[in-house]
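Enquirer: Handing you a structure now.
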Amino acid sequence: MSSVATLAKKLDTQSMHCVRIVQWTDSHIFSEEKGKLLGLDTRHSFEAVLGRISKEELAPDFFLATGDLSQDASEESYRYIASKIGSLEKPTFWIPGNHDSPELMATTLKGDSIYPHKRILAGNWQIVLLDTSVPKKVYGNLSDDDLSLVEEAVSEYPELHLLVVMHHQPVNVGSNWLDNLGIKNAEELFKRVKSHENKVCFLWGHVHQDFNGESQGVQLISTPSTCVQFRPGSKDFSAGDESPGYRYLTLHEDGRVESLLHRIDDIEFTVDYSIKGY
Ligand SMILES: [Fe+2]
């Protein structure tokens, strides 16, 4: 498979020694201006997160938007997101989630700093963005094309560390209802990176909660949503009371991944905990 999107995009970094990334995820924006998810105004919390990101002392080299950007896959929601991120001075790369329309995103998420590329080369790192979404399903799966993209990345740049970015989780996070909604063939992804001689890290959204772990030598990280969170460890669906957030990652040249989770604590949000699904 080859297209503009799968050609590697080479980016310069501000530091010679690391790559700085901000990941924001699961913004669940509605077509309506005051659209609410579980009682929370998702545009309001998204704008609060972007406002906080813009105040980061060390600006990131680029942004990763990791799916469920829209709640209703509407053109209006993507136009709104494009208008908010298109003016950021650094590139944004995106992938779809289960709530998104990959086709509409490709035609609507446009702007001077919004890129369709699914492979990035920056410093000592290669970043690969995968589409784990399955039409009309909440769970995830990796297509042969996506698995081939990982294979190509590993064989072309064995000397670089590898960050694989996706929407759905490739491992269980300890919450029954969510663990049924991860990537069904995640083991295929682990197999594709097994022989990689340098560091490998997987990064995702979807679970609306903080998770850090390790499996088969791969570092594992998930990031909370810019809106409502899910309660960690919950057997059934349950909204959490943690604040909206985003993650600031520093990819060091020796392969270490340092990450800081930022929460927007100083703004009051209303979440309706009586709702039992999303
Ligand atoms: Fe989500």
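Enquirer: Would you report the distance distribution of C-alpha pairs in region 4-263 as whole percents per 10 angstrom bin, up to the bin with the largest distance?
Expert: Per 10 Å bin, starting at zero, the Cα-Cα P(r) for region 4-263 comes out as 7, 34, 40, 18, 1 percent.
Enquirer: For the chain, what does -39500 (n - 2.57) per DSSP helix run (n ≥ 4), summed and divided by total residues, give at 222 nm, in deg cm²/dmol to the nearest 500? Kindly include the intermediate steps, with their values, before the conclusion.
Expert: Details: 6 runs with 55 residues, N = 278.
Calculated at 222 nm, the ellipticity per residue is -5500 deg cm²/dmol.
Enquirer: Starting from the Cα of L260, step 7 Å along the direction of its Cβ; do the same at S143; then give the gap between the two resulting points in nm.
Expert: Distance between the two pseudo-spin positions: 3.8 nm.
Enquirer: Along the Cα-to-C-beta direction of S155, a point sits 7 Å from the Cα; which residues of region 181-225 have their amide N less than 14 Å from that point?
Expert: Counting only backbone N, you get 192-193, 195-196.
Enquirer: Quick one: work out the % antiparallel among DSSP beta bridges in the chain, nearest 5. Don't skip to the end; give the middle numbers.
Expert: On the way: 26 of 55 bridges.
Bridges in the chain are about 45 percent antiparallel.
Enquirer: Residues with amide H under 5 Å of G140's amide H, sequence separation 5 or more or different chain, H placed in the peptide plane at 1.01 Å from N; which?
Expert: The answer is G182, I183, K184.
Enquirer: Roughly speaking, what is the stretch gain from N185 to E75, that is 0.36 nm per residue apart minus the C-alpha to C-alpha distance, in nm to one decimal? Please list the in-between numbers first.
Expert: Working: separation 110, 0.36 × 110 = 39.60 nm, distance 3.04 nm.
That pair, N185 and E75, stretches by 36.6 nm at full extension.
Enquirer: Using a probe radius of 1.4 Å on heavy atoms only, what accessible surface per residue do you get for region 4-263? Whole Å² is fine. Before the final figure, lay out the partial values.
Expert: Values: 10450 Å² over 260 residues.
Here the residues of region 4-263 average 40 Å² of exposed surface.
Enquirer: Summarise the accessible area of region 4-263 (1.4 Å probe, protein heavy atoms) by the percent that is carbon and sulfur. List each step's numbers first, then the result.
Expert: Values: 4960 of 10450 Å².
Carbon with sulfur: 47 percent of the solvent-accessible area.
The values are calculated or read from the model by the stated rules, or taken from the named source; none is laboratory data. All of these numbers come straight from a predicted model, not from anything done at the bench. Positions of Cβ are backbone-derived with ideal geometry, glycine not excepted, and every protein chain shown enters the neighbour counts. All accessible areas refer to the heavy atoms of the entire protein, side chains included, with ligands and DNA or RNA removed. Shrake-Rupley method; radii C 1.70, N 1.55, O 1.52, S 1.80 Å.
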